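The values are calculated or read from the model by the stated rules, or taken from the named source; none is laboratory data. Given the structure is predicted, the values throughout are model-derived calculations rather than measurements. Here Cβ is always computed from backbone atoms with ideal geometry, including for glycine, and neighbour counts include all displayed protein chains.
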Amino acid sequence: MKYDFKDETVQSTGLRFPKLELKKDEVGRVCPLSPKFEATITHWVTKLGYVHCFAKADTWEQLVAIERDGGKPDECLLCEMALRADTKEIVQLPNKRMATYALRYKTDMRGNLLGGQLSYYLEIWLLGNKKFRELQNLRKEWGNLQNHDLEIICTEAKYQNFDITLKKEALWNKDKVVKQAVIEYFKAEAVKYDLRKCLGDEIDIDTLKRRFEVIRRRMSPEAEVGLSEQDMFSKETTKKEEEDVFAKAETEGNIFPAEEGEKVPEATTKEEKKETEESSVLDSLVP
Ligand SMILES: [Zn+2]
């Protein structure tokens, strides 16, 4: 099937999810309600956003090793490209990234509950190594983070750097009835989002190669006239510069329409997968 790059209905097939993001100096209040998290290793690819590394990473040790060794070029085309002189500007070395479900309270910019009322929503918290370590340390010191809210202050918006302060209590579990309602809401919302997909695009090698061809063609000086960069890519994506960069890619980098035979992210969640996700959320909420 052929699509026009300007076709907006094509854009809407990209994976969208509520991402925890703050403006500079904004104060938020969250509770990492699920102590489970998804860990993955991804490459930042110009114009494509985050793409999952192809190297085998079934265990935490393997994830760590891929990052430590600066990629596995014999297992992953992207790792190879990240090292090659002619492509390393386009493909970054692989990095470990994590994601978890968090409860975010509705507050004003200073972190005060709106109208003093408790209202909340679920957000996906994408964590680079630095922020992940911070949460781990807090957990080590304070135990289960379900019992403590976190006040987060955004010190830098582009890379979403936060100052994190642990609160003595968690607003969501102060009242029995509210607590039950939050749990119901959280479970129902969490199953809608596959954390792995939130962390990056999973595409097969052939599709990846085709996409690179398009990028190369469009970026070369002999590119066809009449199709400017602006036409092709709705937004400029920026190069990853720090470990704690958050994905812009999920909503902005997915510039390619699904091709025939290729999976469309939202429609492919299997029942099985849903069950696993759900039970893990359930487990995690039982004290
Ligand atoms: Zn790789």
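Listed values, structure above:
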{"read-out": "Within the range 10-28, tally of residues that are buried (at least 21 other Cβ atoms within 10 Å of the Cβ) and either modelled with pLDDT under 95 or not in a loop (DSSP other than H, G, I, E, B) (or both)", "value": "2"}
{"read-out": "Test for Lys131: is it under 28 Å from Lys47 (Cα atoms), at pLDDT below 95, away from the ligand (no atom under 16 Å from the Cβ) and crowded, with 18+ Cβ neighbours inside 10 Å", "value": "yes"}
{"read-out": "Answer residue from the range 55-83, given it is more than 11 Å from the ligand (Cβ to nearest atom), surrounded by fewer than 20 Cβ atoms within 10 Å (Cβ to Cβ) and closer than 21 Å to Asp201 by Cβ and is modelled with the highest pLDDT among those", "value": "Gln62"}
{"read-out": "Every pair of residues 6+ apart whose Cβ atoms lie under 7 Å, when the first sits in the range 195-216 and is over 15 Å from Leu78 (Cα atoms) while the second is assigned to a helix (DSSP H, G or I)", "value": "Lys197/Pro265; Cys198/Glu250"}
{"read-out": "The range 84-94 - residue that is of a type in the set (Val, Ile, Thr) and more than 10 Å from the ligand (Cβ to nearest atom) and, of those, farthest from Ile41 (Cα to Cα)", "value": "Thr87"}
{"read-out": "Residues (away from the ligand (no atom under 16 Å from the Cβ), farther than 27 Å from Leu114 by Cα and part of a strand (DSSP E or B)) located in the range 29-42", "value": "Glu38"}
{"read-out": "Failed item, numbered, when Tyr50 is tested on (1) more than 10 Å from the ligand (Cβ to nearest atom); (2) surrounded by fewer than 21 Cβ atoms within 10 Å (Cβ to Cβ); (3) farther than 17 Å from Ile153 by Cα", "value": "(2)"}
{"read-out": "Cβ-Cβ under 7 Å pairs, at least 6 apart or on other chains, the range 65-81 side closer than 10 Å to Pro94 by Cα, far side within 7 Å of the ligand (Cβ to nearest atom) and of a type in the set (Lys, Arg)", "value": "Ile66/Lys72; Cys79/Lys72"}
{"read-out": "First in the range 109-129 and part of a loop (DSSP other than H, G, I, E, B), second anywhere and surrounded by fewer than 16 Cβ atoms within 10 Å (Cβ to Cβ), Cβ under 6 Å, 6 or more apart", "value": "Ser119/Lys106; Gly128/Glu243"}
{"read-out": "Filter result for the condition that a residue is among the basic types (Lys, Arg), at pLDDT 95 or above, away from the ligand (no atom under 16 Å from the Cβ) and surrounded by 14 or more Cβ atoms within 10 Å (Cβ to Cβ), over Arg104, Arg97", "value": "Arg104"}
